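Contents: one structure, followed by commentary.
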Amino acid sequence: MMRLLVLAIVALAASIVRAGEPPLAIVGITIVHPERDGAQAAAPDQTVLIVDERIAAVGATRDVPVPPDAQVIDGRRRWLIPGLVDAHVHFDLSGTLYARPDIADLTGWVSFSREQARNRARLPETFRAWLRSGVTGVVDVGGAPWTFEVRDAARDNPDAPRVAVAGPLVSMVARAQLDAGGPIIVKVDTPEEARALVRRTLASRPDYIKVWFVHRPGDDLAKQEAIVRAAGEEAHAAGVRFAVHATELAVAKAALRAGADFLVHSVEDAPIDEEFLILARQRDVLYCPTLFVYEGYGLALSNRWRPTEAERRFADPEVLSRMDDFEEIPREKLPPWVRRAIEQGWTGHEPPHAAANLRRVLDAGIRVVVGSDAGNIGTLHGPAIFREMASMVQAGLAPLEVLRAATANGAHALGTAGKTGVVAPGALADLVMLDADPLADIRNASRIHAVIKDGRVHEAVRVP
Ligand SMILES: [Zn+2]
């Protein structure tokens, strides 16, 4: 039986800062400190005092005095983790069957411009789906020009996670299907064109410049690397970090040589080698494995996608209701390959080396982050993070390693290192209270009792 929430919504005030309200005390809780090792990671019987939007004190319950006017939350038999960060999302994609017409063209049923209009209009609900899932920070690593407005909207909305954005992607290939009133991907052919494009994007003050580094057989990798390097140099000259999509070993190494600070996918085609690890350490790169997204495509496009319990509770209900649209779409409206996927079954493309490479980079001390690639078909904003964290455990990581990637390391991706991702005095009070131990089973990270962002307690469970 699902436990319903005992805490009231206090998100109605106009201001997002919790100033002037009584302090909040979470008493008797087990704190999980994901940045610590082994047995040190779990501290039982702790009290956390929150004043305004920050953590004011953390310690053993007997040592932390609770002010008489504090609002007290009983933390006994519960666990507290820092708010989660999904370091790879796309707000301009819905996660439904219509999200990627360049991959599965269902525009005969729902046009991409209708999709984009829907995603913009539905933004407040997408924000809530993230926050309900305990995700207090997300990085949009590339999207339509309007995704810059997403960051502004999130800043003004107490029911939204913190948002960092990259804006339109620089690439060697075009995707005309993904242009509905502003391109998501912009093709450049020379380093000069890359520089000019990045300078235009910098006017919108992106948190990242992102390159979609697509290398096909016959392409000149050195020539492509020069384009990527030009984009990276322009980003760095403006003090902006540089994110790159590069899924093959040779391409990922070229990306690192060209200045990448953030690899937004796994190396998928070959075992990572020593040269990669040396380059990655030199760049102090962030490595985001995105393991589940391929399975999401396979499940959704073969009409076998079924919601997890977390998805039923936390996802945007309107998105959930569209996940079985294949029941309605006339078969002749589907691309032949999708028809075959439905008839014959399809599990998606599983990158053969991604899991082993994740273990390798982690053991080499590379900073791993969690990113779901939410918005892609079958990967839903919000609860997708639980699918991704489960995939990382399946790949051989301990729950503690996954939590560290999702919190302390996630803060690096978000640009809030030290300010979020830790339960420590002075940090922003972005926290998640759980009804079960996430170190015992990573799936318990979805057993959310309450989400706290900027010191505000949010209702976590929607009554179906
Ligand atoms: Zn992506």
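The values are calculated or read from the model by the stated rules, or taken from the named source; none is laboratory data. Model, not experiment: these values are computed from the prediction. Every residue, glycine among them, receives a Cβ derived from its backbone with ideal geometry; neighbour counts consider all protein chains shown. Areas reflect the complete protein model, heavy atoms only, side chains present, ligands, DNA and RNA absent. Shrake-Rupley method; radii C 1.70, N 1.55, O 1.52, S 1.80 Å.
Compute the acute angle (0 to 90°) between the alpha-carbon long axis of helix 221-237 and the principal axis of greatest extent of the alpha-carbon atoms of the chain; round to the nearest 10°.
Its long axis makes an angle of about 40 degrees.
Return the subset of 210/419; 210/253; 187/210 for which the Cα-Cα distance in this structure is over 19 Å, preserving the input order. Display every interim value, and only then the final one.
Working: 210/419 24 Å; 210/253 16 Å; 187/210 13 Å.
Beyond 19 Å between Cα atoms: 210/419.
Taking the 0 to 90 degree range and rounding to the nearest ten, how far is the long axis of helix 384-394 tilted relative to the main principal axis of the chain, both from C-alpha atoms?
The answer is roughly 90 degrees.
Among 100-108, 376-384, how do they line up from the highest to the lowest mean number of other beta-carbon atoms within 10 Å?
Going by the mean number of other Cβ atoms within 10 Å, highest first, we get 376-384, 100-108.
Return the carbon/sulfur percentage of the accessible area of the chain, one whole number, probe 1.4 Å, all protein chains in place.
Numbers: 9150 of 17670 Å².
The nonpolar share, carbon plus sulfur, comes to 52 percent.
Applying the Karplus parametrisation 6.51 cos²θ - 1.76 cosθ + 1.60 with θ = phi - 60° to the phi angles of the range 316-322, what ³J(HN,Hα) value in whole Hz is obtained for each residue in order, glycine and proline being reported as x?
Values, residue by residue: 4, x, 5, 5, 4, 5, 9 Hz.
Can you run the Rg to Rh ratio on the chain? Use alpha carbon positions and the Kirkwood inverse-distance Rh.
Details: Rg = 21.7 Å, Rh = 22.5 Å.
A ratio of 0.97.
Kindly rank 309-318, 134-143, 79-88, 240-249 from highest to lowest mean number of other beta carbons found within 10 Å of each residue.
Numbers: 309-318: 20.2, 134-143: 30.5, 79-88: 28.0, 240-249: 23.1.
So the peptides 309-318, 134-143, 79-88, 240-249, ranked by packing, come out 134-143, 79-88, 240-249, 309-318.
Before I look further, what does the range 310-438 give for accessible area per residue, probe 1.4 Å, in whole square angstrom?
Numbers: 4490 Å² over 129 residues.
Per-residue accessible area for the range 310-438 comes out at 35 Å².
For a protection proxy built on the mean count of beta-carbon atoms within 10 angstrom, sort 352-364, 25-37 highest first, please. Could you put the intermediate results ahead of the total?
Numbers: 352-364: 17.8, 25-37: 20.8.
Most protected by this proxy first, the peptides run 25-37, 352-364.
Which whole-number percent gives the relative contact order of the range 346-450, counting Cα pairs below 8 Å spaced six or more residues apart?
Values: 109 pairs, mean separation 20.5, N = 105.
So the answer I get is 20 percent.
I need the semi-axes of the equivalent ellipsoid of the range 327-464: take the C-alpha gyration tensor, multiply each eigenvalue by 5, square-root it, list largest first in whole angstrom. Intermediate values should be presented prior to the final figure.
Working: eigenvalues 211, 91, 38 Å².
Over the Cα atoms of the range 327-464, the semi-axes work out to 32, 21, 14 Å.
When N counts the residues of the range 248-401, how does its alpha-carbon radius of gyration compare numerically with 2.2 N^0.38 Å, as a ratio? All intermediate terms of the calculation are to be shown ahead of the outcome.
On the way: Rg = 17.4 Å, N = 154, 2.2 N^0.38 = 14.9 Å.
Against the empirical 2.2 N^0.38 Å value, I get 1.17 for the range 248-401.
Using Cα positions and a limit of under 15 Å, work out the aspartates and glutamates in reach of residue 223, with same-chain residues fewer than 8 apart set aside.
189, 192, 193
Under the classification rounded if a/c is under 1.5, otherwise prolate if a/b is larger than b/c and oblate if not, where does the range 24-136 fall, given a ≥ b ≥ c as square roots of the Cα gyration tensor eigenvalues? Could the numbers behind the result be given before it?
On the way: a/c = 4.43, a/b = 2.61, b/c = 1.70.
The shape class here is prolate.
Roll a 1.4 Å probe over the protein heavy atoms and report the accessible area of residue 337 in Å², nearest 10.
80
Report for the chain the percent antiparallel among DSSP-assigned beta bridges with both residues inside it, nearest 5. Don't skip to the end; give the middle numbers.
Working: 26 of 59 bridges.
Expressed as a percentage, antiparallel bridges in the chain total about 45.
Whole-Hz Karplus ³J(HN,Hα) for the range 274-286, in order, using 6.51 cos²θ - 1.76 cosθ + 1.60 and θ = phi - 60°, x for Gly and Pro?
The phi angles translate into 4, 4, 4, 5, 5, 4, 5, 5, 4, 7, 6, 6, 8 Hz.
Using only Cα atoms, locate the centre of the range 21-51 and the centre of the range 242-309, then give the distance between them in Å, rounded to an integer.
For the range 21-51 versus the range 242-309, the Cα centre distance is 33 Å.
How tilted is helix 112-121 with respect to the longest principal axis of the chain? Cα atoms for both, answer in degrees (0 to 90, nearest 10).
So the inclination is approximately 20 degrees.
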